[in-house]
Amino acid sequence: MNSSTHTADHNGNAPPPIARDAPSVNALAAPLVAQLLADAARLRIASSRHAFGPTIVDAGIASPGCIEAGVMIARICMGGLGRIETRISAEQTPLWPAMIDVHTASPVLAALGSQYAGWSLSASKEQNNGKKFFSLGSGPARALAGKETLFDELGYRDGHDAGVLVMEVGQLPPQAVLEKIVGDCGLAPEKLTVIVTPTQSVAGTVQIVARVVEVALHKTHVLGVPLVEIVDASGTAPLPPPAPDGLAAMGRTNDAILYGGRVHLTVTRDAVARQLAAELPSSNSRDHGRPFAEIFASFNHDFYQIDPSLFAPAEVWVSSLESGTTYRGGRLDGALLHALWQGDAVVVGDEPAAGPGTPGVTSPGAP
């Protein structure tokens with residue numbers, strides 16, 4: 001069921017960017033959630049029914065998860081409106097060997113109406129066994145609650161009878177948070193699924209890097225470009241290696257997009273294509289050029305003190321339907337990523353020669 005609205009305001013301004021007949025992101029995500037739960041053992045995740053009623057999916061706290069789980073969770077985050085794949089780069093000198101590719105034909109709804117992590121959820125120490133809880137909620141259930149002013153701009157509300165929310169946090173949500181989600185979404189408790197993916201987990205890293213298109217759409221919105229201009233969006237970004245802790249993982253996942261993310265947008269007007277190619281890339285920020293972890297530390301770990309223009313893909317290609325011209329801005333910085341992520345190179349020619357008959361090694365003495 002979809003309850004999107006699409007009307008001009010009293011001043012006669014253009015209607016919101018999401019069409020009246022837009023689908024329910026929660027309904028589209030439902031079969032993906034069912035598949036995730038059915039494949040839990042294979043994906044090395046775990047699900048359980050909370051005493052209050054919701055289904056909780058552990059995709060990286062006590063369960064290890066995997067890359068495929070992260071891909072499925074990212075697809076759920078996009079409300080079933082995105083195609084997400086991993087691949088190994090075949091380039092002679094790759095930006096990074098493992099890459100994540102994202103595409104959506106419904107960029108505004110998929111990225112901002114669903115995937116964007118914009119719902120702040122918290123609980124006090126008294127509500128969470130002596131420990132404060134905070135997480136940003138992302139995914140389809142945001143469109144049920146509509147707590148963010150962004151949904152007024154989008155002109156979209158989802159009226160489905162079940163919902164799914166993704167949290168990037170290292171602990172399971174307490175009942176107080178689950179009660180708030182259910183209440184704000186207007187759901188029966190048993191109709192809610194919450195997926196938890198810590199940033200440093202394998203699945204968490206994947207689903208964050210898979211936000212490369214969402215980051216571009218959010219920056220487009222910040223720039224004041226009418227979202228109705230965005231017709232189609234694709235993106236790619238490197239999948240960083242595992243990080244030992246949440247802070248390091250935050251740095252790596254951000255660097256993957258800020259210095260390794262490449263996005264291709266299709267827009268209607270030529271002037272918009274020119275503007276986005278020039279203003280959207282992360283290189284427009286005064287903080288660009290340093291590792292994100294270093295930037296974060298320089299602002300005393302206050303995320304909101306960082307220059308907002310930094311949060312964007314490294315390189316942007318924008319095609320105009322009006323003129324047929326494609327404009328390019330920004331640049332990838334593979335050297336920075338390799339310096340941050342790669343250890344000393346192992347040169348096979350410098351290794352000791354294998355003894356005759358060593359398993360798996362071809363040598364003159366091998367049979």
Cβ-Cβ distance below 9 Å, separation of 6 or more or different chains: which pairs start in the range 302-314 with a residue that is more than 16 Å from LEU276 (Cβ to Cβ) and in contact (Cβ under 8 Å) with a residue 40 or more places away in the chain and end on one that is aliphatic (A, V, I, L, M) and surrounded by 17 or more Cβ atoms within 10 Å (Cβ to Cβ)? LEU310/LEU258; LEU310/ILE295
Considering only the range 114-131, I want to know if a residue exists there that is more than 30 Å from PRO226 (Cβ to Cβ), part of a helix (DSSP H, G or I) and among the aliphatic types (A, V, I, L, M). no
Out of the residues in the range 231-247 that are hydrophobic (A, V, I, L, M, F, W, C) and at pLDDT 95 or above, state the one that is nearest to THR197 (Cα to Cα). LEU239
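Name the residues in the range 183-210 that are of a type in the set (Val, Ile, Thr), part of a helix (DSSP H, G or I) and surrounded by fewer than 24 Cβ atoms within 10 Å (Cβ to Cβ), would you?
VAL202
Being among the hydrophobic types (A, V, I, L, M, F, W, C) and either part of a helix (DSSP H, G or I) or surrounded by fewer than 21 Cβ atoms within 10 Å (Cβ to Cβ) (or both): is that true of VAL316 here?
no
Can you tell me which residue among GLN35, GLN127 is farther than 15 Å from GLN207 by Cβ and either assigned by TED's automatic domain parsing to the domain that holds HIS338 or out of contact with any helix residue (DSSP H, G or I) (no Cβ under 6 Å at 6 or more places or on another chain) (or both)? Give the steps one after another, and end with the answer.
Working: GLN127 fails: either assigned by TED's automatic domain parsing to the domain that holds HIS338 or out of contact with any helix residue (DSSP H, G or I) (no Cβ under 6 Å at 6 or more places or on another chain) (or both).
Checking each option against the conditions leaves just GLN35.
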ALA98 vs (1) within 25 Å of PRO189 (Cα to Cα); (2) touching a Pro at 6+ places or on another chain (Cβ under 8 Å); (3) of a type outside the set (Val, Ile, Thr): all pass except (1)
Tabulated pairs, the range 237-257, first in a loop (DSSP other than H, G, I, E, B), second surrounded by fewer than 24 Cβ atoms within 10 Å (Cβ to Cβ) and of a type in the set (A, V, I, L, M), C-beta under 6 angstrom, 6+ apart or interchain: LEU239/ALA98; ALA243/ALA249
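If you go through the range 344-360 one residue at a time, do you hit one that is modelled with pLDDT of 95 or more and surrounded by 11 or more Cβ atoms within 10 Å (Cβ to Cβ)? Break it down stepwise before answering.
Going residue by residue through the range 344-360, those that are modelled with pLDDT of 95 or more are none.
There is no residue in the range 344-360 that is modelled with pLDDT of 95 or more and surrounded by 11 or more Cβ atoms within 10 Å (Cβ to Cβ).
Taking only the range 110-153 into account, find how many residues are among the basic types (Lys, Arg) and in contact with a Lys or Arg (Cβ under 8 Å, 6 or more places away or on another chain). Give the steps one after another, and end with the answer.
Residues of the range 110-153 among the basic types (Lys, Arg): 125, 131-132, 142, 147.
Keeping just the survivors that are in contact with a Lys or Arg (Cβ under 8 Å, 6 or more places away or on another chain) gives 125, 131-132.
Adding up the residues that qualify gives 3.
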Taking the range 38-77 and keeping residues part of a loop (DSSP other than H, G, I, E, B), touching a residue at least 40 places away in the same chain (Cβ under 8 Å) and touching a helix residue (DSSP H, G or I) at 6+ places or on another chain (Cβ under 9 Å) leaves ILE45, HIS50, ALA51, PHE52, GLY53, PRO54, ALA59, GLY60, PRO64, GLY65, CYS66
Name the residue that is surrounded by the most Cβ atoms within 10 Å (Cβ to Cβ), counting only residues in the range 125-155 that are polar (S, T, N, Q) and in contact (Cβ under 8 Å) with a residue 24 or more places away in the chain. SER138
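The values are calculated or read from the model by the stated rules, or taken from the named source; none is laboratory data. All values derive from a computational prediction rather than experimental measurement. Every residue, glycine as well, gets a Cβ built from its backbone with ideal geometry; the counts of neighbours run over all protein chains shown.
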